[in-house]
1. Please state which one of B:Ala333, B:Ala309 is more than 13 Å from every other protein chain (Cβ to nearest Cβ), buried (at least 24 other Cβ atoms within 10 Å of the Cβ) and among the aliphatic types (A, V, I, L, M).
2. Can you name the residue in segment B:1-33 that is of a type in the set (Val, Ile, Thr) and more than 14 Å from every other protein chain (Cβ to nearest Cβ) and, of all such residues, is farthest from the chain's Cα centre (by Cα)?
3. Before we move on, is B:Ala238 surrounded by 15 or more Cβ atoms within 10 Å (Cβ to Cβ), in a helix (DSSP H, G or I) and aliphatic (A, V, I, L, M)?
4. Tell me yes or no: at least one residue of segment B:191-208 is buried (at least 22 other Cβ atoms within 10 Å of the Cβ) and in a loop (DSSP other than H, G, I, E, B).
5. Could you go through segment A:37-49 and let me know if any residue there is of a type in the set (D, E, K, R) and surrounded by fewer than 21 Cβ atoms within 10 Å (Cβ to Cβ).
6. For segment A:95-110, what are the residues that are in contact (Cβ under 8 Å) with a residue 60 or more places away in the chain and on the phi < 0 side of the Ramachandran plot?
7. Evaluate segment A:135-154: report whether one residue or more is under 29 Å from A:Thr5 (Cα atoms) and not β-branched (Val, Ile, Thr).
8. Assess whether B:Glu137 counts as being part of a strand (DSSP E or B), free of Cβ contacts under 8 Å to residues at least 60 places away in the same chain and surrounded by fewer than 20 Cβ atoms within 10 Å (Cβ to Cβ).
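The values are calculated or read from the model by the stated rules, or taken from the named source; none is laboratory data. The shown structure was predicted, so the numbers you read here are calculated from the model rather than taken from an experiment. Cβ atoms come from the backbone with ideal geometry, glycine included; neighbour counts cover every protein chain shown.
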Amino acid sequence: MSSSTVVRITDVTRVYFMGKVEVQALRGINIDVFKGEFLSIMGPSGCGKSTLMHIVGCLDRPTSGHVHLDEVDVDELDDNSLAEIRNKKVGFVFQTFNLLPKLNAIENVELPLIYAGIGFDQRREKAAELLGVVGLKDRMYHKPSELSGGQSQRVAIARALANDPSIILADEPTGNLDSKSGDEIIRLFQELNQRGITLIIVTHDQEIANHSKRIVRLKDGLVVSDLPAGRQAIS
Amino acid sequence: MINLVEPLKIAFTSLLSNRLRSLLTTLGVIIGVAAVITLVSMGEGAKSYILTQIGSWGLGSNSITVQPGVEEASMPEMTMTLEDAIALRQKVHNLQYLMPEFVGRGRLVYGKTSYIPTYSLGASSDYPYAYKQKAVEGSFFSAAEEAGRKRVVVIGRTIARKLFGEFSPVGEKIKMNGIGYTVIGVLEEKGSLMGMDMDDIALIPSTLSELTLGVTKIWEMFITVNDESQVPQAVADAKKVLIARHHKEDFHIHTQQGLIDIISNILNAMTGIVSAIAAISLLVGGIGIMNIMLVSVTERTREIGIRKAIGAKSRDIFVQFVFESVLITMSGAVIGILVGTLAAWAIMSFLKLEAVIAWGAAYSACLVAFLVGTFFGVYPAMRASRLDPVEALRYEV
């Protein structure tokens, strides 16, 4: 394994049951993600994108196969260690933002730092700095209900960055935004990527995928294409 | 290492954001704790009032009371005599004071005024010490005057006012049941005890009881010893002497400690009943808290999912929810203690008595609230901590 591999997905399958029906969400996925990459995962609904995202983010475990994150084989870890990996190595950005409504922006950004055991002064400083990075210095004490969708998503991105993770996983990050806010979020992702942050975005929007550097297409739980973004038009 | 300050803050914030629900949830605990604190404070207040009253009448823990008859008889046959009292005075070890009461009815006549006091007693010269009521004018009769059958009488303030008005009665001659006496002293005022005027009293030497009051038998005998620890010995001595003289046990002996024990037992039984009711209230309150916590876990499934996604361990979620439950019950206990103490204070001031702050009950209320909060919080917290993060994130409110 190359030292610059952040995520290595080897023969990953995931089977779950909807009632009594067996659903094969992933049928054997192999993807390597390198440091500094900006990867889009595309595909129609039900192709397994979200499931793959959850497995990469250590929220879920594969039925078979292996996931290495920063060269650690995560299927050997117990639940507590997985929580620690989610906390320190992974930053999630969701379609519905998933901020805690009763906490203000800076408190939401601080949450991962609390679970990392970082003291108040230090985490407040870090959270304020990150809100600066996402351009919300003047909205630090606003509750999510007082923020627009685009602003909420930026808070969520700041939260994802809190513990300097190895990778940011964004699941349809612009799905709930108007196109202008969506563009801003994508531009922010590009900026972060230029700073060296590794990103994986799940999307079904070709426009957005075109802003990334590499596009992986899934269909029925399998990878159907894995090409640099510039060469997508052919398929 | 588990940091407990952060989950405590998280739990506190979450409770504050749901103030009304938190308050309603803990109402059962508040009512239970307030009820116990009120009744225990009042009970303690009543106890200290009763003990003070007993103490003010001279009855201390170093005293015993000998009464005629076996304990249960309501109208006992009186058998104790002046000779019995003299024998006890000689034979009870460490005896300090002995005060036999020969209770009779004495008509007092001074000039043209005639009056029958509530109490006319044949007494011993120990009376002022045993019952802590000194003569404030003149003096009480001495042991020599008692033994010498001197016709002297000591009266209470009520009689002094009735017969002599504002003049000092000391040295005046009066008649009791037709027999001439000299007033040699007036007792200090005692006020009333349980509605009876303790100053409406005339005391003559015990040796003259038969002659003046026609009484030969002792109503009851009050004995003190030098020290509390000598009470059991004194009880044994008194029993031995009286049984030897009467050839049977036709009397019974109360110790002051016994009386205090009886009062304490009654109050403790009361406290016990109240505590049982409170325990039920806390149990019901606890079940209510568990119910609300389960609802809260369901409502906050998504929050739990988010927290887990950003790195909360199951343990962190568990601790957060247990803390919420414990915080609810503990704040209920604190509010209950405040409300209960205030209520007790209000009721007792209305009754013109003093409430005692029930510290012991307050501590146990806090402890019990802590245990109830923990016990009924564990199951909902376990449910919360075991939620699958992917499922939880998908949950729609």
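1. Of B:Ala333, B:Ala309, the one residue that is more than 13 Å from every other protein chain (Cβ to nearest Cβ), buried (at least 24 other Cβ atoms within 10 Å of the Cβ) and among the aliphatic types (A, V, I, L, M) is B:Ala333.
2. Ranking the qualifying residues of segment B:1-33, first place goes to B:Thr25.
3. Criteria met by B:Ala238.
4. So far as segment B:191-208 goes, yes, one or more of its residues are buried (at least 22 other Cβ atoms within 10 Å of the Cβ) and in a loop (DSSP other than H, G, I, E, B).
5. Yes: one or more hits.
6. A:Gln95, A:Thr96, A:Leu99
7. Checked segment A:135-154: at least one residue is under 29 Å from A:Thr5 (Cα atoms) and not β-branched (Val, Ile, Thr).
8. yes
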